[in-house]
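The values are calculated or read from the model by the stated rules, or taken from the named source; none is laboratory data. Note that the structure is predicted; figures quoted are calculated from it, not measured. In this analysis, Cβ positions are derived from the backbone assuming ideal geometry, glycine residues included, and neighbour counts consider all displayed protein chains.
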Amino acid sequence: MIVTIDGPAGAGKSTVARALAGRLGFLYLDTGAMYRAVALAGLRRGVDWEKPDELAALAPTLSIELDDDRIFLDGEDVSRAIRTQEVTRITRFAAGNPDVRRHLVDLQRRLAEKHDAVTEGRDQGTVAFPKADCKIYLTASPTQRAKRRLADLEAQGESATLENVLAAQEARDHGDASREVGPLAKAADAVEVVTDGLSIDQVVDRLVSLVRPPQAP
Ligand code: DC
């Protein structure tokens, strides 16, 4: 069984998707981490961002492995390194690259092939798993999302202001939604869940009931 969770940055997708996968005993796929890892590899190798072919050629040579909320790039745990503001900013070069997307969507399908999975990203219900059994579109108000992102950055010891985070988020939302390949979009058959004012447990309870509807007595 495949459960897809798509939505904008800061809606709480990662926390909720991981908790949902734990509750269901499913594999958890953080596909945003994969795009971040390709961008980090590009940064380290000094690829020219103006030449998309360079990143496209690099992506298939990389070993990208997911283990719950950890990600390994060529065997190195880069779970923290992919979350810096710099990597967040340049990940658009990976996310907007059609060849990189094709490669990562293939990888996502292969990883979910033999397992029940909760897979989280922007295009999981629309492009990667259009026949998924349960599709969720998780969202929240821009301010709520920016506050979450700011708290995450502060927890990592990075400094930022709410205004900066809001501006960067707006730019990223626009880029995600207007991208030619794999844009952020709600699948026609996805259920929208707005997380404002809800605790993580409340959201996860709601999603569990969507995946496994309570039986009528
Ligand atoms: O969810 P995140 O913030 O870690 O995602 C990082 C970037 O990757 C973000 O700009 C959107 C992009 N992304 C994507 O294009 N497709 C996905 N399936 C997941 C993330």
Among the residues of segment 121-130, are any in contact (Cβ under 8 Å) with a residue 40 or more places away in the chain, within 18 Å of V38 (Cα to Cα), more than 13 Å from the ligand (Cβ to nearest atom) and out of contact with any strand residue (DSSP E or B) (no Cβ under 8 Å at 6 or more places or on another chain)? no
Select from segment 191-210 the residues that are surrounded by 16 or more Cβ atoms within 10 Å (Cβ to Cβ) and at pLDDT below 95 and list them in ascending order. T195, L198
Over segment 164-190, the set of residues closer than 21 Å to A21 by Cα and exposed (fewer than 15 other Cβ atoms within 10 Å of the Cβ) is D189
Residue in segment 92-115 that is farthest from the ligand (Cβ to nearest atom), counting only those that are basic (K, R) and free of Cβ contacts under 8 Å to residues at least 40 places away in the same chain: K114
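For segment 1-90, which fully contained strands (runs of 3 or more DSSP E) count at least 2 residues that are under 30 Å from D189 (Cα atoms) and within 11 Å of the ligand (Cβ to nearest atom)?
On the way: elements: 2-6, 27-30, 64-67, 70-73.
Fully inside segment 1-90 and qualifying: 2-6, 27-30.
Answer yes if at least one residue in segment 81-103 is of a type in the set (S, T, Y) and within 22 Å of A57 (Cα to Cα), and no otherwise.
Our first condition is that a residue be of a type in the set (S, T, Y); within segment 81-103, this holds for 84, 88, 91.
Imposing the further condition that a residue be within 22 Å of A57 (Cα to Cα) reduces the set to 88, 91.
The answer is yes; a qualifying residue exists.
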Listed residues G32, G10, G46; which is closer than 19 Å to A132 by Cβ and either surrounded by fewer than 17 Cβ atoms within 10 Å (Cβ to Cβ) or within 19 Å of the chain's Cα centre (by Cα) (or both)? G32
Taking segment 137-147 on its own, how many of its residues are over 15 Å from the mean Cα position of the chain (by Cα) and not aliphatic (A, V, I, L, M)? 5
Residues in segment 113-125 that are out of contact with any helix residue (DSSP H, G or I) (no Cβ under 7 Å at 6 or more places or on another chain) and crowded, with 23+ Cβ neighbours inside 10 Å: how many? 3
Checklist (1) more than 13 Å from the ligand (Cβ to nearest atom); (2) modelled with pLDDT of 95 or more; (3) polar (S, T, N, Q) applied to Q144, failing item: (2)
